[in-house]
């Protein structure tokens with residue numbers, strides 16, 4: 001697995017985001033039976049100001065959010081509540097999954113409000129984001145049920161309690 005980590009906001013250097021990302025992504029891919037060998041994910045660790053601009057530009061929502069994801073391919077299942085198609089390698093054998101941006105202030109505030117460790121919250125959000133990159137979503141109720149089930153199972157394997 002290749003993780004391109006861009007730490008734009010220096011507050012992220014207090015966490016071992018590379019280790020957290022590796023653990024979250026490896027556990028997610030293993031849980032779904034996806035070979036991680038040639039996968040690629042880009043992570044931008046930024047501030048609320050940056051994620052507000054991204055959220056405005058890409059989702060027309062002019063506010064901060066905790067995490068955003070941009071899948072490289074549309075893998076979403078057509079039938080609600082069914083598993084998305086697995087990613088396929090490109091002609092070179094690479095499997096780019098997409099890009100993720102995560103915001104420090106929102107993540108920190110949410111962790112404090114929930115009374116949980118920042119590392120556990122960030123791990124949860126990264127698992128959530130990689131599931132989005134893999135075609136999972138929570139717009140339709142059956143899809144949300146499937147996505148949450150996978151999140152909880154993956155987090156459990158990482159020793160993190162059900163955040164729901």
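The values are calculated or read from the model by the stated rules, or taken from the named source; none is laboratory data. A quick note: this is a predicted structure, and the numbers were derived from the prediction, not measured. Because the Cβ atoms are built from the backbone with ideal geometry, glycine has one as well, and the counts that use them run over all protein chains shown.
Here are a few things to note about the model shown:
- Taking the listed residues 77, 92, the one that is in a loop (DSSP other than H, G, I, E, B), modelled with pLDDT under 95, touching a helix residue (DSSP H, G or I) at 6+ places or on another chain (Cβ under 8 Å) and over 19 Å from residue 30 (Cα atoms) is 77, with no other qualifying.
- Within the stretch 33-67, restricting attention to residues that are under 14 Å from the mean Cα position of the chain (by Cα) and assigned to a loop (DSSP other than H, G, I, E, B), the residue that is farthest from residue 94 (Cα to Cα) is 65.
- The lone exception for residue 99 - which of (1) closer than 21 Å to residue 122 by Cβ; (2) more than 14 Å from the chain's Cα centre (by Cα) it fails: (2)
- Test for residue 137: is it closer than 19 Å to residue 71 by Cβ and outside any strand (DSSP E or B): yes
- Taken over the stretch 49-81, the criterion of being closer than 16 Å to residue 97 by Cβ, surrounded by fewer than 16 Cβ atoms within 10 Å (Cβ to Cβ) and in contact with a strand residue (DSSP E or B) (Cβ under 8 Å, 6 or more places away or on another chain) is satisfied by 70 alone.
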